[in-house]
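The values are calculated or read from the model by the stated rules, or taken from the named source; none is laboratory data. All of these numbers come straight from a predicted model, not from anything done at the bench. Quick reminder, even Gly has a Cβ in these numbers, built from the backbone with ideal geometry, and neighbours come from all protein chains shown.
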Amino acid sequence: MKKPMKVIAIGNFDGVHRGHRHLFQLGSGVAGDLAAYSAGHPAGIDSLTAVTFEPLPIAVLKPDRPMGRLTPAIERAELLRSTCGVTDIIELTPTAELLGRSAEAFIEQLRGECPFDVVVEGPDFRFGRNRSGSLGTLRELGAKHGFAVIEAAPLTVTLTDGSTVEARSSVARALLEQGRVADAACVFGRAYELRCLTVQGDQRGRTLGWPTANLNTHGRILPADGVYAGEATLPDGRCVIAAISIGTKPTFDGMTRTCESTLLAADGQAIELPLDWYGWNIRLRFMSWIRAQERFDSVHTLLDELERDRARIIRAMSVSRAV
């Protein structure tokens, strides 16, 4: 009787969204059926492996065009295991030598290092030197080397306005770049999250009665400039409402794009931050768009708008948490 099957999927899996979950669930289910049929009994799946890259290949292929990440490697691994059922993760280093291999040489080496019985991929899967290998190529190699190939059709998701899109990392990035964080959550299957260290800012917010946690978001994709309603998980485990601001602080002639958050109690009052609020890890989740970044004529006008933001955010979060 055959041993349980080893299933793999190859990709960047940036963002670990609903399309990735669909890919692994389909691969696991169909491969289980194949194992049961070929062995005459429910042999099942021995392992479900994500073969991915660190850093992303684009960082090697186009180093002059850095692209932010939706999920750093540690978060990607956690999400692959917790949401996709992945049992093993192989991270390949995308050296010029690896990326220069032919499609067949890449698969042969991968199979030598990680023997597998089934590969599951989407219809637009590309691999090998200059992306020369396609799903058709993979099927040919499967017939030659003795592994099965499962094609996972793209997953379509419904956005907040009722329109539909395919669940893809590129779609999620585009939605975030438009500030459509609620729609991006439809693609991810969860709110977009930044895990950040707090860093020292100009401390202007504290003097204005609007204390802010300034965040180190280096290497991450940020939503469009603007104000957002969200929530933050603090190092002590508390989950509080977050008024999130992304932008250059045009009222104060700022030039650097930053991400900062004022933490709010349930009644909307700002939570006073300790003076040593630096180097702390917080998890910031974007729930809904509030307004675009604006330049105000005076600090007084800005503070008036911040009070309106506070009311909008408390209202938005009361709705979000009730769903």
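Here are some residues: 189, 226, 219. Which one is surrounded by fewer than 20 Cβ atoms within 10 Å (Cβ to Cβ) and either over 15 Å from the mean Cα position of the chain (by Cα) or under 18 Å from residue 250 (Cα atoms) (or both)?
On inspection, the qualifying residue turns out to be 226.
Within region 277-323, track down each residue that is assigned to a helix (DSSP H, G or I), farther than 13 Å from residue 243 by Cα and more than 29 Å from the chain's Cα centre (by Cα).
Those that are assigned to a helix (DSSP H, G or I), farther than 13 Å from residue 243 by Cα and more than 29 Å from the chain's Cα centre (by Cα): 299, 300, 301, 302, 303, 304.
Keeping to region 105-123, report how many residues are of a type in the set (D, E, K, R) and over 25 Å from residue 45 (Cα atoms).
0
What's the total number of residues in region 148-164 that are hydroxyl-bearing (Ser, Thr, Tyr), over 24 Å from residue 126 (Cβ atoms) and free of Cβ contacts under 8 Å to residues at least 12 places away in the same chain?
The number of residues fulfilling the criteria is 2.
Just to verify a result, which residue in region 134-177, among those that are acidic (Asp, Glu) and in contact with a Gly (Cβ under 8 Å, 6 or more places away or on another chain), is nearest to residue 103 (Cα to Cα)?
For region 134-177, the residue satisfying everything is 151.
Can you tell me which condition residue 209 does not meet? The list is (1) at positive phi; (2) within 17 Å of the chain's Cα centre (by Cα), and all the others hold.
(2)
For residue 176, state whether it is out of contact with any Phe, Trp or Tyr (no Cβ under 9 Å at 6 or more places or on another chain) and either farther than 25 Å from residue 70 by Cβ or not assigned by TED's automatic domain parsing to the domain that holds residue 71 (or both).
No: the conditions fail for residue 176.
Can you tell me which residues in region 81-109 are assigned to a helix (DSSP H, G or I) and either exposed (fewer than 14 other Cβ atoms within 10 Å of the Cβ) or not aliphatic (A, V, I, L, M) (or both)?
81, 82, 83, 84, 96, 97, 104, 105, 106, 108, 109
Just give me the residues in region 62-80 being in a helix (DSSP H, G or I) and within 15 Å of residue 19 (Cα to Cα), in sequence order.
76, 79, 80, listed by residue number.
Among the residues of region 1-49, write down those that are modelled with pLDDT of 85 or more, in a helix (DSSP H, G or I) and surrounded by 15 or more Cβ atoms within 10 Å (Cβ to Cβ).
Within region 1-49, 18, 19, 20, 21, 22, 23, 24, 25, 26, 27, 28 qualify.
Whether any residue in region 123-144 is surrounded by 11 or more Cβ atoms within 10 Å (Cβ to Cβ), without any contact (Cβ under 8 Å) to a residue 12 or more places away in the chain, in a loop (DSSP other than H, G, I, E, B) and outside the structural domain of residue 286 (by TED's automatic domain parsing) is what I want to check.
Yes: one or more hits.
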